[in-house]
1. Give the residue, chosen from A:Q54, A:Q6, that is surrounded by 13 or more Cβ atoms within 10 Å (Cβ to Cβ) and within 24 Å of B:W35 (Cα to Cα).
2. Six or more apart or on different chains, Cβ atoms under 8 Å: show the pairs whose first residue is in segment B:59-70 and surrounded by 10 or more Cβ atoms within 10 Å (Cβ to Cβ) and whose second is part of a loop (DSSP other than H, G, I, E, B) and of a type in the set (G, A, S).
3. The conditions are (1) assigned to a strand (DSSP E or B); (2) more than 21 Å from B:L40 (Cα to Cα); (3) out of contact with any Phe, Trp or Tyr (no Cβ under 8 Å at 6 or more places or on another chain); (4) within 11 Å of chain B (Cβ to nearest Cβ), and A:Q96 fails exactly one of them. Which is it?
4. Report those strands (runs of 3 or more DSSP E) wholly inside segment B:49-112 carrying at least 1 residues which are among the aliphatic types (A, V, I, L, M).
5. Which is on the phi > 0 side of the Ramachandran plot and free of Cβ contacts under 8 Å to residues at least 40 places away in the same chain, of A:G62, A:G66, A:G42, A:G58?
6. Being open to solvent by 40 Å² or more (accessible area, probe 1.4 Å) and within 13 Å of another protein chain (Cβ to nearest Cβ) is the filter; apply it to segment A:10-49 and report the residue that is farthest from A:V78 (Cα to Cα).
Amino acid sequence: KAGVTQTPRYLIKTRGQQVTLSCSPISGHRSVSWYQQTPGQGLQFLFEYFSETQRNKGNFPGRFSGRQFSNSRSEMNVSTLELGDSALYLCASSAQQGTNTEAFFGQGTRLTVV
Amino acid sequence: GENVEQHPSTLSVQEGDSAVIKCTYSDSASNYFPWYKQELGKRPQLIIDIRSNVGEKKDQRIAVTLNKTAKHFSLHITETQPEDSAVYFCAASGSGTYKYIFGTGTRLKVLA
């Protein structure tokens, strides 16, 4: 069974640009969540999706948005990039909603804003 | 707001010794507490978890304890090995949600 796949693995963008990151969950998983990982702030929750519906949103500005498609694949978008958006963006997929099962993380997309 | 404090931030132990990492959470509604291990350059991986209706859980050399009254939970690793060297994150969440509030991580170094 393939794991959680995130693309691209690395991105370099310029301030003011926008970026779209993609996450393909484990086959059969319908729950996808996103996290931002930085050395200073650790792992911070961005979004949680289940069956195309956003279930929770973290404390990030409106420049951060996401969505989930009918095949459970998810994308997140960051507009008007700032230097502080440089981070490792991780997504995790899980099999169920309503009861906690293991969340499997992808390898992440490392975004560098210059 | 929701917060998870994790201590210590770094921990060095001799091979064979035990390691203990402690976390405190603020949200009384939290009832699921996973622990993740992240090796350098790799993805976080679940090593053990505990639910609020259980006080302790063991899996070979790893154990987690939970004190709901004090809002504390701890990871215990016995007979540490060099391959245990990594960053460990605790997290807390409510029932059925994958909105994890993570601690800031503990860098564990096991010295051979």
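1. Just one listed residue meets the conditions, A:Q6.
2. The qualifying pairs are B:T65/B:G55; B:L66/B:S52; B:L66/B:G55; B:N67/B:G55; B:K68/B:S52.
3. Here A:Q96 meets the rest and fails (1).
4. Working: elements: B:56-59, B:62-67, B:72-77, B:86-92, B:106-111.
Output list reads B:62-67, B:72-77, B:86-92, B:106-111.
5. Within the list A:G62, A:G66, A:G42, A:G58, the selection yields A:G42.
6. A:R30
Every residue, every condition in (1) assigned to a loop (DSSP other than H, G, I, E, B); (2) among the acidic types (D, E); (3) under 17 Å from B:T97 (Cα atoms), yes or no:
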position	(1), (2), (3)
A:Q17	yes, no, no
A:Q37	no, no, no
A:Q44	no, no, yes
A:F47	no, no, yes
A:C91	no, no, yes
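Residue-wise test of (1) over 14 Å from the mean Cα position of the chain (by Cα); (2) surrounded by fewer than 17 Cβ atoms within 10 Å (Cβ to Cβ); (3) farther than 28 Å from B:T106 by Cβ; (4) aromatic (F, W, Y).
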{"site": "A:G62", "(1), (2), (3), (4)": "yes, yes, yes, no"}
{"site": "A:F69", "(1), (2), (3), (4)": "no, yes, yes, yes"}
{"site": "A:V78", "(1), (2), (3), (4)": "no, no, yes, no"}
{"site": "A:G84", "(1), (2), (3), (4)": "yes, yes, no, no"}
{"site": "A:S94", "(1), (2), (3), (4)": "no, no, no, no"}
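The values are calculated or read from the model by the stated rules, or taken from the named source; none is laboratory data. Because the structure is a prediction, the values reported are computed rather than measured. For neighbour counting, all protein chains shown are included, and Cβ atoms are generated from backbone atoms with ideal geometry for every residue, glycine included. We work out accessible area using only protein heavy atoms, side chains counted, and drop any ligands, DNA or RNA first. Shrake-Rupley method; radii C 1.70, N 1.55, O 1.52, S 1.80 Å.
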